[in-house]
1. Sort out for me the helices (runs of 4 or more DSSP H) sitting completely within region 173-269 that have 1 or more residues that are surrounded by 14 or more Cβ atoms within 10 Å (Cβ to Cβ) and within 25 Å of the chain's Cα centre (by Cα).
2. Only one of (1) more than 18 Å from residue 143 (Cβ to Cβ); (2) under 23 Å from the mean Cα position of the chain (by Cα); (3) assigned to a helix (DSSP H, G or I) fails for residue 360. Which number is that?
3. Considering only region 221-234, I want to know if a residue exists there that is assigned by TED's automatic domain parsing to the domain that holds residue 176 and farther than 26 Å from residue 181 by Cα.
4. Report, by residue number, each residue of region 1-30 that is assigned to a strand (DSSP E or B), surrounded by fewer than 18 Cβ atoms within 10 Å (Cβ to Cβ) and out of contact with any Lys or Arg (no Cβ under 7 Å at 6 or more places or on another chain).
5. Can you find even one residue in region 75-91 that is loosely packed, with under 15 Cβ neighbours inside 10 Å, modelled with pLDDT of 80 or more and of a type outside the set (A, V, I, L, M)?
6. Can you say whether residue 39 is in the same structural domain as residue 67 (by TED's automatic domain parsing), charged (D, E, K, R), farther than 24 Å from residue 367 by Cα and assigned to a helix (DSSP H, G or I), as far as the supplied structure shows?
7. Starting from residues that are β-branched (Val, Ile, Thr) and touching a helix residue (DSSP H, G or I) at 6+ places or on another chain (Cβ under 7 Å), keep the ones in region 75-115 and report whichever is farthest from residue 12 (Cα to Cα).
Amino acid sequence: MSNILIIDDERAIRSVLKDILSNEGFKVEEAADGEEGFRKFSAGGFDLVLCDIKMPKMDGMEFLQKAMEVHPETPVIMISGHGNIETAVDAVKKGAFDYISKPPDLNRLLITIRNAMDKNTLVKETRVLKRKVSRVQDIIGESEAILRIRETIDKVAPTDARVLVTGENGSGKELVARWLHEKSNRSQGPIVEVNCAAIPGELIESELFGHEKGSFTSAIKQRIGKFEQASGGTLFLDEIGDMSLSAQAKVLRALQEGKITRVGGDKEISVDVRVVAATNKDLLKEVEEKNFRLDLYHRLGVILIHVPSLNERKSDIPLLVNKFLGDIAEEYGQARKEIDKKALDALMQHNWTGNIRELRNVVERLVILSGKEIMASDVQSYVLPK
């Protein structure tokens, strides 16, 4: 149910509009002047605003200007019995969706509200689609380790050399893999990701190499595996340290010969794949414990890239926070929040066990729960352990 805020100093107008819109299935809240309206609007949760122009304390044009700073994506329809063409044009220039004279024609008002709602829905859907098709996110940071990673990516990406990316969970290993693909000669091909830790051991071979119909009980049709799907592009094997030994043997053969065989099949299938692997484990230790094949380790680790933890590159936190504040503002369709220096200092003192993923979540939490500016007290309340 859409939520509409009516701001008008005339009780009779508010009551009539509320009755009509409630009958149309909208949830309606009222405000008797611009100041009360702005307090309610700032708290969020409204899909549209109907606002009078001539009001005490804060008039409609002032409300409109402030509203566009706080929630610019929310459509505002101005209503006035004192306006003229110049007023209407001025309101639209300042961000109003439309301008309607009093007494409003109810049919026109309802049509305008529906159009505003439809446009708002399209804007939100477009924003989501843009995020889905947008380029790979930048690797943010100016620390020595990050500069070295960027330099390595630039050198290695144009080749077909296999790369092993190591680092803690949440440190950005996937982003390194995506940039290796983005800057490679295979960038027009697919990048296919397999999280080896998320797939049960008995299914990993079918996931990687595919299977033929009838090869096991639930194999009711042929399936193309990730190696074939990634042919001509990049296969990203995330958390490869969790792969079963039997699957490791088949991956080794695929890397050596450029061929795979589907589960339950006997036909060799050529694949043209560049493999990038990642792990949060010490693979040499896993080799000693006989959990990982040494020959596969050497096949994968032609180039080694280690992504440092966030605690090892705390000087990059201000840049990361700045990026996340912008991303979250765009995602929510809201004005960007700023962060106080003391709050930023507090974040830099925090122990980031979850690395960049944790930092992104914390910034989003602070944006949602803090006031107009993120203060050190907000970090104390919402981030630091009690």
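The values are calculated or read from the model by the stated rules, or taken from the named source; none is laboratory data. Quick caveat, the model's predicted, so the values are computed rather than measured. Ideal geometry is used to build each Cβ from the backbone, glycine not excepted, and the neighbour counts take in all protein chains shown.
1. Values: elements: 173-182, 204-209, 226-229, 245-257.
In region 173-269, the matching helices (runs of 4 or more DSSP H) lie at 173-182, 226-229.
2. Result: residue 360 passes all but (1).
3. Within region 221-234, one or more residues are assigned by TED's automatic domain parsing to the domain that holds residue 176 and farther than 26 Å from residue 181 by Cα.
4. Within region 1-30, 27 is the sole residue that qualifies.
5. Taking region 75-91 as the starting set, the residues that turn out to be loosely packed, with under 15 Cβ neighbours inside 10 Å are 81-82, 84-86, 89.
With the extra rule that they be modelled with pLDDT of 80 or more, the set shrinks to 89.
Narrowing the set further to residues that are of a type outside the set (A, V, I, L, M) leaves none.
Within region 75-91, none of the residues are loosely packed, with under 15 Cβ neighbours inside 10 Å, modelled with pLDDT of 80 or more and of a type outside the set (A, V, I, L, M).
6. On the way: in the same structural domain as residue 67 (by TED's automatic domain parsing): yes; charged (D, E, K, R): yes; farther than 24 Å from residue 367 by Cα: no; assigned to a helix (DSSP H, G or I): yes.
So residue 39 fails the test.
7. Initial filter on region 75-115 (β-branched (Val, Ile, Thr)): 76-77, 79, 85, 87, 89, 92, 100, 111-113.
Keeping just the survivors that are touching a helix residue (DSSP H, G or I) at 6+ places or on another chain (Cβ under 7 Å) gives 76-77, 100.
Details: 76: 20, 77: 18, 100: 17 Å.
Checking each candidate, the answer is 76.
Yes/no matrix, rows are residues, columns are (1) assigned by TED's automatic domain parsing to the domain that holds residue 253; (2) more than 27 Å from residue 280 (Cβ to Cβ):
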| position | (1), (2) |
| --- | --- |
| 303 | yes, no |
| 315 | no, no |
| 328 | no, no |
| 351 | no, no |
| 370 | no, yes |
